[in-house]
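Here is the structure we will look at.
Bear in mind these aren't lab numbers, they're just calculated from the coordinates by the rules spelled out. Model, not experiment: these values are computed from the prediction. With ideal geometry, Cβ positions are generated from the backbone for all residues, glycine too; neighbour counts draw on all protein chains shown.
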Amino acid sequence: MFEQLKTRPADSLLALIKAFQADERAGKIDLGVGVYSDAMGRTPVMRAVKAAEQFLLETQDSKKYLGPEGDLQFVRLLQPIIFGKSPAFGERLVGIQTPGGSGALRLGAELVQVANPLAKVLLGTPSWPNHAPIFGSARLAVKEYPFVDLASQQVKIESVVEALSFANPGDVVLLHGCCHNPTGIDFTTEEWRRIAELLVAHKLVPFIDLAYQGLGDGLEQDAAPTRMILEAVDEALIAYSCDKNFGLYRERVGALYVMTRNADDIGKAESNMAALARVNWSMPPDHGAAIVRTILESAEMSAMWRAELEEMCERINGNRAALAAAAPDLAFISRQRGLFSNLSMSRETAAALRATHGIYMADSGRMNLAGMQPSDAGAIVAALRAEGC
Ligand code: PMP
């Protein structure tokens, strides 16, 4: 049977990692992979995570099954961080632990497919390359529309408005809650308000992907658009990842929250989420969620986590400021947020930046701002200039 398979292209970002490792030049700079790096170029285990692991090692006395919902205390303790303390819509929220933000997106997509198989998913492009395949694999139709113009680094708000205005009631709108991947371009408060109005007017269901809370402007600020949207609409899905803001990438820590129209629908949503989890992964992996729960249960560990997250956020924004200061035409980088900015360039230019200058970024021109030091700004700008960017 397997001879029927067609070989799929290798993931280009993984190839980039290998190429960077093989490069022996001293001044090479890795703006490729999408993980946070510190000033030493490492992606460290956070101090609060180490403390929580130590605590778990000493106190955890059983590893018996928890069930398809995973660690519900983890799910509950995250809620005030994401949605604020006792929001009006809090009564209509239900959550389940998932394997990372990816698992939350997949589970949410399947829930939509079960509830309304004809729903289309509106996806602004460019987006995280896994969005469209995840929704497609859940047998939902994906309708892409241009969300941003990379040449001018501006949101194409009229294109967004048009896409939402022509959607059918019940269609789903994928929105990046903060720190847009790959562009770093988030909507302004005014644009978010307009989107909320359109969601309400056309009876659309927002599916908010919140994978970088705390890495843009801070935990509260980064959650503000999500909270505003949830106050406005009847129903919503939120895919949350702890993999970046707790540095837990390979532990696969996430949650899917669903906001229903009324308290009556909560049980329906909850039982379907559990049933879908059961056939996908049966139960989510425990360790990462247990770490997050342990941190959030402890005032001391929570304070450590928040302080380190703030350091990470400041480092990224410091790198953004350094690049903007080195080249006035890159000033937009300091207005963008999160790990990424996406320069407008050809694949050939991205290849030349690697080959000639040892500067590694994705072929799409996406760069990870956490991969540089402020002192690299001059070299990066010089290389961009040499390649005509
Ligand atoms: N959404 C976005 C926008 C992402 O960038 C990522 C990870 N790169 C995810 C979701 C998935 O995160 P996780 O690793 O937790 O599955």
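Among Phe89, Phe74, sorting on how many other beta-carbon atoms sit within 10 Å of each Cβ, with the fewest leading, yields Phe89, Phe74.
With K and R counted +1 and D and E -1, the other residues having a Cβ less than 11 Å from that of Ser137 yield a net charge of +1.
Give the calculated FRET efficiency between Lys85 and Glu3 to the nearest 0.05, with a Förster radius of 56 Å applied to their Cβ-Cβ distance. Show your work: numbers first, answer last.
Details: r = 58 Å, r/R0 = 1.03.
Plugging the Cβ-Cβ distance into 1/(1 + (r/R0)^6) gives 0.45.
May I ask you to list the residues of region 357-373 whose amide nitrogen lies under 18 Å from a point 7 Å from Cα along the Cα→beta-carbon direction of Ala382? Answer for region 357-373: 357-360, 372-373.
Axis of helix 189-201 versus longest Cα principal axis of the chain: the two differ by about 40°, to the nearest ten degrees.
Could you calculate the FRET efficiency of Ser271 with Ala331 from 1/(1 + (r/R0)^6), where r is the beta carbon distance between them and R0 is 51 Å, rounded to 0.05? Provide the component values of the computation, followed by the final result.
Numbers: r = 51 Å, r/R0 = 0.99.
According to the calculation, E is roughly 0.50.
On full extension, the segment bounded by Asn280 and Arg227 gains 16.2 nm, given 0.36 nm per residue less the C-alpha separation.
Taking Ala350, Ala201, Ala322 as the candidate residues, the one with maximal mean-square fluctuation in a Gaussian network model of the chain, Cα springs under 10 Å, is Ala201. Label positions at Gln21 and Ala351, each projected 7 Å from the Cα along the C-beta direction, are separated by 2.3 nm.
Counted residue by residue at 0.36 nm each, then reduced by the alpha carbon distance between them, the extension gain from Glu297 to Leu72 reaches 79.7 nm. Peptide packing: for 202-210, 12-20, the average count of neighbouring Cβ atoms within 10 Å per residue gives the ranking 202-210, 12-20, highest mean first. Using only Cα atoms, locate the centre of region 15-46 and the centre of region 111-148, then give the distance between them in Å, rounded to an integer. If we compute the Cα centre of each part, the gap is 31 Å. Annotation: amide H of Thr125 within the under-5 Å range of Tyr145, Phe147, Val148, sequence separation 5 or more or interchain, hydrogens built in the peptide plane. Each of Arg8, Arg261 has some number of other Cβ atoms within 10 Å of its Cβ, and from fewest to most they run Arg8, Arg261.
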